Amino acid sequence: MSTSAQAAICYGDDKPFAIEAVTLETPRADEILVRIHACGICHTDMAARDRQLPTPLPMVLGHEGAGVVEQVGASVTHVKPGDRVIMSFNSCGHCPSCEIDKPTYCYNFVPENWIGTRPDGSPTTYRDDKPVNANFFGQSSFATHALAHARNVVKVPENADAIPFATLAPLGCGLMTGAGAVLRSMDVRAGMPIAIFGTGAVGLAAVMAAKIAGANPIIAIDVHDSRLAIAREMGATHVINGRNEDSSTAIRALCPKGLAYALDTTGINTLIQQAFDLLAPLGILGIVGASSPTDNLTFNEASFMGGGKRVMGILGGDSDLFGFLPDLIEHHLAGRFPHDRLIKAFPFDAINEAFHAGESGEVVKPVLVMPD
Ligand SMILES: [Zn+2]
Ligand SMILES: [Zn+2]
């Protein structure tokens with residue numbers, strides 16, 4: 001039995017999203033049908049809309065879904081109908097990266113997440129009995145229902161029953177990326193200085209995580225005073241508006257011995273290269289921001305080698321979903337990860353307004369709430 005749903009179809013090319021009737025296939029053995037209650041909007045949705053990813057349009061996007069399990073396939077054992085769940089990216093489970101619990105670097109990331117069908121080419125979603133591209137990040141959660149997979153659906157711990165879906169949903173991508181970069185990829189050491197370039201959702205999650213790690217000072221750099229004010233509330237000890245002052249000079253004044261950690265969320269190569277020059281011996285430069293696919297970075301080899309420095313590309317905060325997402329929920333419950341202050345909820349049918357609010361910078365993290 002297939003499931004009828006409403007899904008926001010992305011047509012790209014500045015055309016608005018349109019909410020249309022679709023049907024989803026019955027879950028296969030390792031699949032899970034989720035009734036979506038909320039879904040965050042992330043820059044990767046915008047990148048897909050703008051054809052910067054190998055994703056075929058039109059497509060059902062949305063990859064920060066949260067909701068309730070409706071049906072599970074025969075081999076799914078970790079969740080059951082009625083469970084509250086959050087979703088994230090999918091992975092294959094059998095490549096060299098998945099084998100060591102680094103699924104963000106899955107060798108099969110593209111077919112598992114971005115080709116519009118299951119990796120075997122079979123469609124999950126139909127409109128007027130014809131296939132429509134979906135399975136975006138193994139979910140396509142800008143919809144009332146999503147067909148997801150055993151590897152990308154995480155049960156919400158029972159002590160988190162009171163956390164609304166709109167608060168849970170965005171943990172599955174952008175926030176996990178920023179927090180994981182600090183707590184997992186760079187494994188930031190207490191008492192050491194960090195600078196975080198860019199204070200969108202990813203950068204602000206990194207600021208909260210740097211506070212959890214005990215980094216000091218925590219320096220946030222942006223060009224919007226309103227974002228920098230939030231960064232201060234989230235734990236930044238110092239903020240620098242790069243429009244008003246030279247950020248390198250200001251950071252050098254604060255940390256004359258150099259930075260133990262620099263995290264770039266902007267993808268602006270001149271900033272990334274400046275951040276490299278600010279590193280202390282053994283300093284780590286983490287890069288989570290996406291640059292143009294043709295851009296290259298340059299940095300001084302003698303300083304790189306002689307200082308034992310590391311430049312680290314980071315995807316998804318090196319998250320293993322089943323360990324790190326419950327950790328983040330625990331930090332939120334304990335008041336250490338107050339990411340709900342970044343969220344503004346929009347009704348599902350206001351998806352175009354919600355995208356606009358995210359892109360204009362008016363809202364840090366727009367979240368769609370589906371009708372009951
Ligand atoms: Zn894999
Ligand atoms: Zn995302």
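The values are calculated or read from the model by the stated rules, or taken from the named source; none is laboratory data. What you are looking at is a predicted structure, and each value in this text was computed from that prediction instead of being measured. Quick reminder, even Gly has a Cβ in these numbers, built from the backbone with ideal geometry, and neighbours come from all protein chains shown. For accessibility, only protein heavy atoms count, side chains too; no ligands or nucleic acids. Shrake-Rupley method; radii C 1.70, N 1.55, O 1.52, S 1.80 Å.
Observations
- Think of each Lys and Arg Cβ as +1 and each Asp and Glu Cβ as -1; about the Cα centre, that makes the dipole of the chain roughly 720 debye.
- Loop trypsin sites (Lys or Arg not before Pro), the range 227-314, which have at most 12 other Cβ atoms in a 10 Å radius of their Cβ (DSSP): R243, K257
- Each principal axis of the Cα atoms in the range 282-372 has its own extent, and those three values, largest first, are 58, 35, 21 angstrom.
- Gap separating the Cα centres of the range 47-103 and the range 321-372, nearest whole Å: 18
- Reach of K155 by Cα under 17 Å, taken over lysines that are not fewer than 8 positions away in the same chain: K80
- Rolling a 1.4 Å probe over the heavy atoms of the protein chains gives the chain an accessible area of 41 Å² per residue.
- The range 66-182, accessible surface, carbon-and-sulfur percent (1.4 angstrom probe): 54
- Computed from the C-alpha gyration tensor, the three semi-axes of the ellipsoid equivalent to the range 176-326 are 20, 18, 16 Å, from longest to shortest.
- If you look at the Cα atoms of the chain, you get an Rg and a Dmax of 20.3, 65 Å.
- Fraction of the pair-distance distribution of the range 2-139 above 25 Å, Cα-Cα pairs, percent: 24
- Straight-distance crosslink candidates among lysines, where the alpha carbon sits under 20 Å from K257 and sequence neighbours closer than 8 are dropped: K309
- Those aspartates and glutamates that a straight Cα-Cα span of less than 14 Å connects to K130, excepting residues fewer than 8 apart in one chain: E20, E25
- Within the chain, percent of DSSP bridges classed antiparallel, to nearest 5: 55
- Computed about the Cα centre, the dipole magnitude for the range 1-126 is approximately 120 debye when only Lys and Arg (+1) and Asp and Glu (-1) carry charge, each at its Cβ.
- Viscosity 1.002 mPa s, 20 °C: Kirkwood-radius Stokes-Einstein D of the range 117-172 over Cα pairs, µm²/s: 164
- For the range 267-280, backbone phi angles converted through the Karplus equation (6.51, -1.76, 1.60; θ = phi - 60°) give residue-by-residue couplings of x, 8, 5, 4, 5, 5, 5, 5, 5, 4, 5, 8, 6, 7 Hz, Gly and Pro being listed as x.
- Among 196-202, 353-359, sorting by the average number of other beta carbon atoms lying within 10 angstrom of each residue, highest first, gives 196-202, 353-359.
- Cα-based helix-to-principal-axis angle, 201-213 vs the chain, degrees rounded to 10: 60
- Size of electric dipole in the range 65-177: Cβ of Lys, Arg +1 and of Asp, Glu -1, about Cα centre, debye, nearest 20: 80
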